[in-house]
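Heads up: the structure comes next, in structure tokens.
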Amino acid sequence: MFIEESVFYRLLRSGHDLVREHEIEVVIENMPDELVDIEIDEISKDIRKYFDSDAWSQLIYTVTTKKQEWKCHLCTNITSKMNMVQCDGQCSLWFHWNCVNILEEPENEWFCDSCKTNTSNFDTGI
């Protein structure tokens, strides 16, 4: 999440309070990858109303910066998104092709080993 849980509950209770700039998660590495996979316009229409203008600017800046830097879940090196693949499973994590033994962009869905294991356990009822 990009705000603390306590801030989230404060917003729910008040119904009219706004997230302030100092309450935004600005450590790019701590922001969930799923957040940056969403287009800014899509975020805007759903949650913009809950942020004051400084907090919204901070969120947009942080998301935009995160979109430019990607961290491989296996080697943890920060890199561009080039030659990386995102797991289509529940984790939605990113991996370098060479870290997961891929030579080119998969044509169909691709699942990391962890999600493959979890999916096969779910499918077999284990």
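The values are calculated or read from the model by the stated rules, or taken from the named source; none is laboratory data. Small disclaimer: the values here were computed from a predicted structure and weren't measured. No Cβ is skipped: glycine too gets one built from the backbone with ideal geometry, and neighbour counts run over all protein chains shown.
Listed values, structure above:
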read-out	value
Residues (modelled with pLDDT of 85 or more, under 16 Å from the mean Cα position of the chain (by Cα) and of a type in the set (Val, Ile, Thr)) located in region 76-100	Val85
Among (1) at pLDDT 75 or above; (2) outside the structural domain of Cys112 (by TED's automatic domain parsing) - the single one Asn30 does not satisfy	(1)
Whichever residue in region 33-75 is surrounded by 12 or more Cβ atoms within 10 Å (Cβ to Cβ), at pLDDT below 70 and farther than 21 Å from Phe8 by Cβ and, among such residues, is farthest from the chain's Cα centre (by Cα)	Glu69
Close pairs from region 1-25: first at pLDDT 75 or above, partner of a type in the set (Phe, Trp, Tyr), Cβ under 7 Å, at least 6 apart	Leu11/Tyr50; Leu18/Tyr50; Leu18/Phe51; Val19/Tyr50; Val19/Phe51
Condition broken by Glu109, with the remaining ones in (1) crowded, with 16+ Cβ neighbours inside 10 Å; (2) at pLDDT 85 or above; (3) of a type outside the set (Val, Ile, Thr) satisfied	(1)
